[in-house]
Structures are given as C-alpha cells and as structure tokens.
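Q: Got a structure for you, questions after.
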Amino acid sequence: MKTANLLLYKIDKQRDLKWFLFYLVGIQFLLLWNELFLNKPAFALLKEAFLNSFIIGALVLVFAFFLSWGTVNLRLYLTNKFNGILLTIIDFIIDTIKSIPQIISVLLGYIFITLIITKETVKNETTIILLISVLLSIVIFPELYETMINRIKYFKKSDFYNSMLVCGINEYRIMNYDILYKNSVGFIIHKLVSLFGVALFLQCSIDFIISVGLSNDVSLSNFPATLGNLLAKMDSKQDILAIGKTISNPLYIIKLPFEHLQGLSTAFIIVFTLLCVFKISDGIIKRIGK
Amino acid sequence: MQKKAFEHLISVVFVAVFLVAIYLLFLKKEDVNKPKMQISTKLFEKQIIDFGDNYEKALLFDILNIYTPDSIELNSSIISNIEDLQTEKFTDFNLKSGNDNNGLSFGVIKKILKMYFWFLVIYLIAIILIHSFAKTFAIWKFVKVKQGTRSYFDEFVTNLKDYVNNILPKAVRKHKLNIAVKLFFKGFIKTISYFIIFSPSYVVAYSIKGSSISDSLIFLILLAVFTNGLLINYSYRFYSLLKAESKKGYVNTAIVKGLNNNYKNPLFGYKKIIKFNKKFPGHVFNHIYLNAVYQNILNIKELSALLITGIVIIEMALNIQGYLCYEMLQNILYKNYDVVIFIVLLIFITVKTTEFFVDVKYYRLTQKYENS
C-alpha cells in the first residue's frame, strides 16, 4: 500500500509522467471504443494510419537528432580546421531554413516526392515513409540544432569548459559527452518531444492539403495511410462536419460517438496527441527547472 | 544594423536563386527535346493534314524523309511528338479544366499581388492579436500562480472530498457540492478550449463549414489566432520569460527595498490585464513585465514563420478561391511552377521583412536601455 501511495505521489508530482500515462489511457480507451462501435475495415485503416503516423514521427526524431548532432560536430570541425567563411555558410543555411515557413518547405518537398511517384521511381510504401521522414527532419532539425548550440555556448562561458581544455581533454569529448550527454539530455529530450508534435502536425496538415490536390497523377491512394490522409477522406470530412450540427441541434451530440466515429477518432487522436505532447514537454522543462 | 539588413537581403537573394535554379533544372515545362517539339507544334498547329489518319501521318513521315534523308530518327520523333500533342489535346488536365493560365504573365502577377495584399492584412492583424493575447494569457497565468490559485481539477477534488466527508454539517456539504459542480463545468469549458486551441485549423474549420461565417475574412483571422496551438505556445514562451525575469536579483532587491510585491491587488484585475497598453505602476511586476517584453520581441521572428505556416494551412485546406495559398496549390496542380515560386518568394520576403523590423526594434530598444 505504501509503495502504491509513493508511486501515485511521484506520478502526481511529475507532470510529464502524469500526462504520458493520461495519454496512454486516453488512446487505449479510444481504441477500445472503436473496437466496439467502429466497423472492422475502418478500424483497421485507423490503426494503420495511427501506426504509420507514429512511425514517421519517430523516424523524424531519429533523423533530426543525427542531423543536428552531425551539424554541431561539423561546426566544431570547421572552427578548428578552416577559417570562418564555411562556418558562416552553415549558420546562414540553417538560418534560412528556419526562416522559410515549415509548411512551404514540406510542400515543396512533397512536390518532389509526388514527381518521383509519378515517374514510378519509388513504388514501395516503406521508401515513401522514409522519404517523408527525411523531408520533415530536414525542415525541423534547426530547432534541435539551436538547442544543442545554445547549451554548448552556455557551458563555453563557464570555467568548466576551459578547465577541461587545460586538463588536455579532447574538445569533441567535452562537447559530446560532458556537455550534450551529461548536462543537456533533459533539454534535448524536451526538444525532441516538442518536435514530435511539430512533425505530427506538419505531416497531418500536408496530407490533408494533398486531398485538395498536388497532382492529377498522384492521389492520396499513392501515399501511405496516415492520420492526415485518413482525415482528408470524404467520410471523415462528413464526420467532422457533423460536429457543426450539434450547434443547431445539441441533442445530436449523443449520436456523434456512434455514427461518426472514423472522422472523430482521427481528429481526436491528432488533437489529443498534440495537447499531451505539449503538456509532457512542459512537464519535462519544469522537472529540469527543479 | 546594416550587417543584419545585408544578411536578410542575401538570404532573400539566395532563396530566389535556389528556387529559380531548381525550376530551370527540374520543373520547367517542355524543355526536353525543345527543337523537335517546336517543329512538331508548328506542324500540329498548322493542321496541314489530318493527324487522326494513319495514312496521312505515314505520308508526312515519308515527305520529311525525302527532304531530310539524313535525319530519319529526328523525323520519327517529330511524328511521335505530334501524336503526343494530339493525345494531350484530349487528356491534358489544364485544357480539360479550362485553365488558361500558362505561367507568370503581367496579368497573373497583378492578380497574385492583389491576393498577397489580403494575405498581408490577415497576417498583420493575426500577428498583432496573437502578440497581445499571448501577453494577456501569460500575465494572467503568472498572477494566478503568484496568488497561489490552485487548478480547477485540484479544487474540484478537494470540494468533492469535503462533500463525501460525513463530519461536515449538511449545509456546508451542500455548498461544497455546488462549488464542485461549478468547478466541473469550468473545467469542462477549459478542456474544450484546450481542444480548440490545439486543433489543427482545418478540423475546426470543417466542423463549422457551411455556416455563414466560414468563408469570411474574420473567420480566417480567428482560425489563425486561436488554432494550431500557436497562441498557447507563444503565451508559454512569454510566461517563461516572466518567470525567469522574476527570479533575477534586481527583483529581490526591489522587494527588499519596499516595492509593492502583493499580487492580490486591484492592479491585477481582469480589466487591467486585458488592456492593450498594460501598466502596473508602483508594483515590482511592472519591471518584470517591461524586461520580459523587451526579450519577447525576438520571439516575434519565430512567431512570424509559424503564423504563416498556420495561414497557409488554413487557406489551402479550406479550399476557398481567391486566396493566395489556394492559388499556389492550384498552380501546383496545373504545374505552373514559375507562379508557385513567385508566391513562395513573396511569402519568404514577408518573413524576412518581419525579421528585419524585429531586429530594428530590438536594436533601438537595446540602444535606448544601454544609454539610459
């Protein structure tokens, strides 16, 4: 009983953990509800879309991490080996990527993916998922890169950095192990969690936009099923439109979770994930602050 | 300052050159086999023979071979291109859909600039509203935390526990239940608001699509401000700045020296917090607020790109004709990539101009604070 109480107390105090558990419970409940009331093909499609979206989100994090980490190391290498021009070029490119609205970059990238699909260079769904993930990670990695660079800059100002250098410790080790690994993991995890939200948001938005049309030769059926893709289907749009009905006819709300489940579930997963990701990320930063 | 301006300018030039290069290398229409296509198009447009008739086509091929016997392959490809042109006449999406827009002309530029003007109107109103609302929400949250106000959920649980507890008199228990019910509804409204704020704009838009307001400019602005999680993200950033600023040494010194530190004060009434020009004279928070506002200016840079992302999503997903980003999507569909690049450049220039003005403002404020 004591252990259970302690566990509950800890969960209550750690907001990130609380919201993560809340998220898992919420999604489990939704899946159970869908198992009971949603027709089998639609439920299978929902599960596939959910899985694909989360795989893309996870891959984006992996690629974004390695891109940022690689760029940080490249930056240090250039600082040591060459003059400042190459460094300025790197900073300039990253600054420019940051300034282009993310959705525009993703849209331009999707034009290329669409062209590749049209020319039948890529047919495999896994390759398309990988391409989407790489594209999204290129668009969002500057945020993580900036976090890493800010941490390094912060430690470079302190005596600790110079002391370690004087002791003869390799600069790469100080940066990668002592600063990024030992002292910045919390910040990096916080950024990765919020980037997961950004990746999911961009992915769903772009898939939804494709439903309006990017090409006559490529339609939603050419892309792997994702949450945005599923939401853009006509029956899901009808389900979302049904929410508006409740304004004029409030009693219609009773019918929503039974008759408009596909669209509502998809929208719920997207919104609930974004909300929980925000809360988890906020919880992590509060925990670091303590 | 000049260096910053130069950097922004170089950035615009770089992106312009990059996009034009991509266009010329990969996206330009009908560049492959251009000389052959020119001959084919001329022959096709002149309609000297019936290209639907295989006999007449073979005759043309023979005539071409007689006149240019050394280039049989070229002649063969000319005939093949004519066949493609004929098929295109019946299958090309642009021709079928009545799209007469064949790229970037003066008329198209004029039309796009008109749309761009309205895009800018939405963008500017939204950025002012978000900036103002975010400050209000952040101050409200900061003051609530300082006042020690507990969350609706915690208050609800406490009141419900008191109601269940049989030790308390019946009248008190009834009162506690009333409070719990009120808190439940307040919490419910807050949850719904959270769901709307975190919803991607197209989810909210589609749920009320078809109503009289759903195609209006005001609706677009409201969507840009209140959806996509933008407002809450920006509010939290300002809240973090307030929190960080409140922990600084000068705040403690001011409090020790006797500056007002009481947050349960009429200065923090709703009307004072909502006011556009916020002032808290004689209170330590005034200094915290002013310093946080100074640092928050740089956040507008990020807000700018994020807000444009939101507006682009709204305009594209809502599928309303006459808006810049819808036009961009249509041109992607018609493969008029020169028009697409022109629109992308306009949007990028908007972000860069905002960044430049933010830099100017920040620079001026820094100069002002350093000199005073």
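The values are calculated or read from the model by the stated rules, or taken from the named source; none is laboratory data. Note that the structure is predicted; figures quoted are calculated from it, not measured. Cβ: placed from backbone, ideal geometry, glycine included. Neighbour counts: every protein chain shown.
Q: From the list B:K352, B:K335, which one is outside any helix (DSSP H, G or I) and facing chain A (nearest Cβ under 10 Å)? It would help to see each step written out before you state the result.
A: On the way: B:K352 fails: outside any helix (DSSP H, G or I).
Matching residue, one of B:K352, B:K335: B:K335.
Q: Continuing with this model, one more query. Anything in segment B:260-279 that is part of a loop (DSSP other than H, G, I, E, B), without any contact (Cβ under 8 Å) to a residue 40 or more places away in the chain and not basic (K, R)? List them, or say none. So that I can check it myself, show each step before the final result.
A: Of all residues in segment B:260-279, those part of a loop (DSSP other than H, G, I, E, B) come to B:261-265, B:269, B:275-279.
Those still in the list that are without any contact (Cβ under 8 Å) to a residue 40 or more places away in the chain too: B:261-262, B:265, B:269, B:275, B:277, B:279.
Of everything in segment B:260-279, those that are part of a loop (DSSP other than H, G, I, E, B), without any contact (Cβ under 8 Å) to a residue 40 or more places away in the chain and not basic (K, R) turn out to be B:N261, B:N262, B:N265, B:G269, B:N277.
Q: Which ones in segment B:48-72 are part of a helix (DSSP H, G or I), over 21 Å from B:T87 (Cβ atoms) and at pLDDT below 80? So that I can check it myself, show each step before the final result.
A: Of all residues in segment B:48-72, those part of a helix (DSSP H, G or I) come to B:54-67, B:72.
Applying the additional criterion that residues be over 21 Å from B:T87 (Cβ atoms) yields B:62-63, B:65-67, B:72.
Result: B:I72, single match.
Q: Restricting attention to segment B:306-334, which residues are surrounded by fewer than 23 Cβ atoms within 10 Å (Cβ to Cβ) and under 10 Å from the mean Cα position of the chain (by Cα)?
A: B:L306
Q: In addition: Of all residues in segment A:3-52, which are touching a Leu at 6+ places or on another chain (Cβ under 7 Å) and either over 24 Å from A:V277 (Cα atoms) or among the acidic types (D, E) (or both)?
A: A:F37, A:L38 - these are the residues of segment A:3-52 that are touching a Leu at 6+ places or on another chain (Cβ under 7 Å) and either over 24 Å from A:V277 (Cα atoms) or among the acidic types (D, E) (or both).
Q: Separate question: Does A:T96 satisfy being of a type outside the set (D, E) and more than 9 Å from every other protein chain (Cβ to nearest Cβ)? Please lay out each step first, then the result.
A: Numbers: of a type outside the set (D, E): yes; more than 9 Å from every other protein chain (Cβ to nearest Cβ): no.
Judged against the criteria, A:T96 is not a match.
Q: Moving on to the next point. For the condition touching a helix residue (DSSP H, G or I) at 6+ places or on another chain (Cβ under 7 Å), within 14 Å of B:W140 (Cα to Cα), buried (at least 17 other Cβ atoms within 10 Å of the Cβ) and not hydroxyl-bearing (S, T, Y), what is the one hit in B:F238, B:F285?
A: Residue meeting the stated conditions: B:F238.
Q: Among the residues in segment A:198-220, are any touching a Lys or Arg at 6+ places or on another chain (Cβ under 9 Å), within 24 Å of A:T79 (Cα to Cα) and in a helix (DSSP H, G or I)?
A: The answer is no; no qualifying residue exists.
Q: If we keep just the residues of segment A:29-87 that are part of a loop (DSSP other than H, G, I, E, B) and either over 20 Å from A:L261 (Cα atoms) or among the aliphatic types (A, V, I, L, M) (or both), which is modelled with the highest pLDDT?
A: So the first thing to find is which residues in segment A:29-87 are part of a loop (DSSP other than H, G, I, E, B), and the list is A:38-39, A:82-83.
Remaining after also requiring either over 20 Å from A:L261 (Cα atoms) or among the aliphatic types (A, V, I, L, M) (or both): A:38, A:82-83.
Values: A:L38: 88, A:F82: 76, A:N83: 68.
Once the filter is applied, the top-ranked residue is A:L38.
Q: Given the condition more than 13 Å from every other protein chain (Cβ to nearest Cβ), closer than 25 Å to A:K237 by Cβ and crowded, with 17+ Cβ neighbours inside 10 Å, answer yes or no: does some residue in segment B:265-281 qualify? Can you show your working first?
A: Taking segment B:265-281 first, the residues more than 13 Å from every other protein chain (Cβ to nearest Cβ) are B:265-281.
Then drop every residue that is not closer than 25 Å to A:K237 by Cβ, which leaves none.
Looking for residues that are more than 13 Å from every other protein chain (Cβ to nearest Cβ), closer than 25 Å to A:K237 by Cβ and crowded, with 17+ Cβ neighbours inside 10 Å, one finds none in segment B:265-281, hence no.
Q: Here is a list of conditions, (1) more than 8 Å from chain A (Cβ to nearest Cβ); (2) assigned to a helix (DSSP H, G or I), and B:I320 meets all of them except one; can you say which number that is?
A: Only one criterion is unmet by B:I320, namely (2).
Q: Same structure again: Kindly indicate the residue of segment A:240-287 that is buried (at least 22 other Cβ atoms within 10 Å of the Cβ), of a type in the set (S, T, Y) and under 20 Å from B:I208 (Cα atoms) and also farthest from the other protein chains (Cβ to nearest Cβ) among those meeting that condition.
A: A:S265
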